[in-house]
1. Do we have Glu175 as in a helix (DSSP H, G or I), more than 13 Å from Pro82 (Cβ to Cβ) and in the same structural domain as Arg108 (by TED's automatic domain parsing) here?
2. Can you tell me which residue in the stretch 178-212 is surrounded by the fewest Cβ atoms within 10 Å (Cβ to Cβ), limited to those that are of a type in the set (D, E, K, R) and assigned to a helix (DSSP H, G or I)?
3. How many residues, within the stretch 104-139, are surrounded by 13 or more Cβ atoms within 10 Å (Cβ to Cβ) and touching a residue at least 40 places away in the same chain (Cβ under 8 Å)?
4. Considering every residue within the stretch 2-21, establish whether at least one is assigned to a loop (DSSP other than H, G, I, E, B), free of Cβ contacts under 8 Å to residues at least 60 places away in the same chain and under 26 Å from Leu182 (Cα atoms).
5. Determine whether the stretch 130-144 contains at least one residue that is of a type in the set (Gly, Ala, Ser), closer than 30 Å to Gly76 by Cα and touching a Lys or Arg at 6+ places or on another chain (Cβ under 9 Å).
6. Of (1) within 21 Å of Gly154 (Cβ to Cβ); (2) crowded, with 19+ Cβ neighbours inside 10 Å; (3) in contact with a Ser or Thr (Cβ under 6 Å, 6 or more places away or on another chain); (4) at pLDDT below 95, Lys20 satisfies all except one. Which?
7. For the stretch 39-87, which residues satisfy the criterion of being of a type in the set (Phe, Trp, Tyr) and touching a helix residue (DSSP H, G or I) at 6+ places or on another chain (Cβ under 6 Å)?
8. Step by step: first the residues of the stretch 47-59, then only those that are modelled with pLDDT of 95 or more and outside any loop (DSSP other than H, G, I, E, B), then the one that is farthest from Asp11 (Cα to Cα). Which residue is that?
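The values are calculated or read from the model by the stated rules, or taken from the named source; none is laboratory data. Note that the structure is a prediction, hence the values are computed from the model and not measured. Using ideal geometry, Cβ is built from the backbone for each residue, glycine included, and neighbour counts are taken over all protein chains shown.
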Amino acid sequence: MKIPADTRLYDLAPSPNCMKARIGLNLKSVPFKKIAVDPANRATVVKASGQPLTPALLANSSVLFDSHAILRWLDGNVKEGPRLFSPDYQIMKQIEEWESFARGGLGRSVRPMFGMAFGRIPVTDEAVAAANAAFAEDSARVEDALTKGPWLVGGQLTAADVMVATNLFYATQPEQEVVRNLPFWAVFQRFDLGPNRERTRDWVARVMAWDCWLNPAATFVPRGSAAISKGGSSRRGSAAAGKTAASRASSAKKSPAKPAKKAAKAKPAAKSAKSKPAPKSKKSKRGKK
């Protein structure tokens, strides 16, 4: 199915559910227009979709709401990009198990966190401690799964990663400025996955690099690329790639041995070119031999 250029996503940017939809659209290389929804006045999304919740997607004659339904629709109708679900029965069952976990299991930590952020639940030390205990227990399951590979199911990025990582995102203490400028960031700072969750934090960052709200440079990566199958990142300007590049640059500064060797090779060539241009080719030939 050809997706029209005027595909519209009714969007509430900080929402994990909207993150899922944006990541799915970017993974599938679908251009779309974001229409911001005011949480205090949802008339625009009600008029477009007949219900008040975000995300809602309008593409062709289709109107979709619920982030998981949007991911399924994208995978069933857009052939570009990676498969978010699977034709393999056992892998599909695993994806759906993680989906149930994202909808239900993570609710005991994610819902209280958002309830406190939006003032629906009083922010108390006891409530924060209970949510953090749930985050620690639930993220332990994710951490264990990631010891077997870079993604949750089948060795490549699937809907399972998108559904779960977005729900854990705010508990990873993200560093993006757009997040830290949120009015309720002070509440989110009180939540954390717990100690020894390095694999989970790295995995969440790799998934979230596909979200154009957090990473405006997020672009489509062809099927079979390292970013999808091996946990790498070949996306231009991705957060994960940026961190890798920064760490390499830092290592290069600390280790001057390699630049010194390059300079040593370059000097004789420059000197030879200035003083004896004619015999240069003979010398270079002997050097090659």
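1. No, not satisfied.
2. Glu198
3. Residues flagged as surrounded by 13 or more Cβ atoms within 10 Å (Cβ to Cβ) and touching a residue at least 40 places away in the same chain (Cβ under 8 Å) within the stretch 104-139 amount to 13.
4. Yes: the stretch 2-21 contains one or more residues that are assigned to a loop (DSSP other than H, G, I, E, B), free of Cβ contacts under 8 Å to residues at least 60 places away in the same chain and under 26 Å from Leu182 (Cα atoms).
5. The answer is yes; a qualifying residue exists.
6. Just one mismatch for Lys20, condition (4).
7. Phe65, Phe85
8. The qualifying residue farthest from Asp11 (Cα to Cα) is Lys47.
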